[in-house]
Each structure stands twice: as C-alpha cells, then as structure tokens.
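Report on the following structure.
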Amino acid sequence: MTPWGIRKRIKGALGRGATPGSADIVQHAVTYVLPDGTEHTIQAEEHYTLAMASQFLPSPIDTPCPDGQCGQCAVDILVDRGLEAASSGEVEVMQKWHKQAPGKKRLACHCRVGGPGAKVKVHRLFDFDAVKGE
C-alpha cells in the first residue's frame, strides 16, 4: 500500500473524510469457500487481488512465489460476477502451469475485484504452524 493510501485510511478513521479531488475507498463483497467447506464473505477493496483481500480470512491464501509466476495460488471461480478480466500476465502463467486460459480457474495473485458478487473456492491456505515449526 502506498503512503497515500495509508494517509487516506487514517483520515477516514479520524472522520476527516477524503480530501477534495480524491476518490473514496470502494469495497465489494467477495465470498471465499475454504478447503474445509466453510464460507466467509469479506469486504474487499476495489482492484485488490483475491490474494490481497484474503488477508481478512482466518488464514490467507497461500501464495508461495514473490512475483506471481508459480501458478500455485489457483482458485476455482464459482461466481465470476465482480471480477476483472484476466491480465496478459495471468493468461501467460495459466497457460504455462495449468495448460488452460483463465476461466473457471484463476490465479488469486492476479485476479482483481472489480465489483460485488464474486465467489471463489480456495484450495490452499497459508499454514502458520508450518512457519512456526510445529
């Protein structure tokens, strides 16, 4: 997040609102179906990736690579309403690792929220216990 985004949030929290000429933060409902079958609906900021928005889940989506090239954060799209079109980078990675174009399967680190109503099934969540060594 840029310093300007942080400032905007602090001003909003203090009740000062947006400055003239700046846009308000827009959020949309996104439903995640976790590997255990539970559903969580969160409010994701517009243009956040599914992986970024998953920070509000009990455990975020596991995204092993730093640059969106591994293809391991794939999620199944149950309802695609509210998701932005696939970028050329996402298409390239999907072709490389999953041998298909984005459609019913998308990469959480590339797929962006553009409106309300999306519903996705997550296959891998970040394992905090593995990091702690338990």
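The values are calculated or read from the model by the stated rules, or taken from the named source; none is laboratory data. Small disclaimer: the values here were computed from a predicted structure and weren't measured. Please note: Cβ atoms are built from the backbone with ideal geometry, for glycine as well, and neighbour counts cover all protein chains shown.
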State all residues of segment 97-119 that are more than 18 Å from Gln69 (Cα to Cα) and either of a type in the set (Gly, Ala, Ser) or touching a Leu at 6+ places or on another chain (Cβ under 6 Å) (or both); if no residue qualifies, say none. Gly114, Gly115, Gly117, Ala118, Lys119
Filter segment 72-94 down to the residues that are over 15 Å from Val120 (Cβ atoms) and small (Gly, Ala, Ser) and list them by number. Ala85, Ser87, Ser88, Gly89
Can you name the residue in segment 98-133 that is charged (D, E, K, R) and exposed (fewer than 14 other Cβ atoms within 10 Å of the Cβ) and, of all such residues, is modelled with the lowest pLDDT? Lys132
Would you confirm whether or not segment 106-121 contains a residue that is farther than 15 Å from His47 by Cα and in contact with a Ser or Thr (Cβ under 9 Å, 6 or more places away or on another chain)? yes
Residue in segment 49-69 that is under 18 Å from Arg112 (Cβ atoms), among the acidic types (Asp, Glu) and modelled with pLDDT of 95 or more present: no
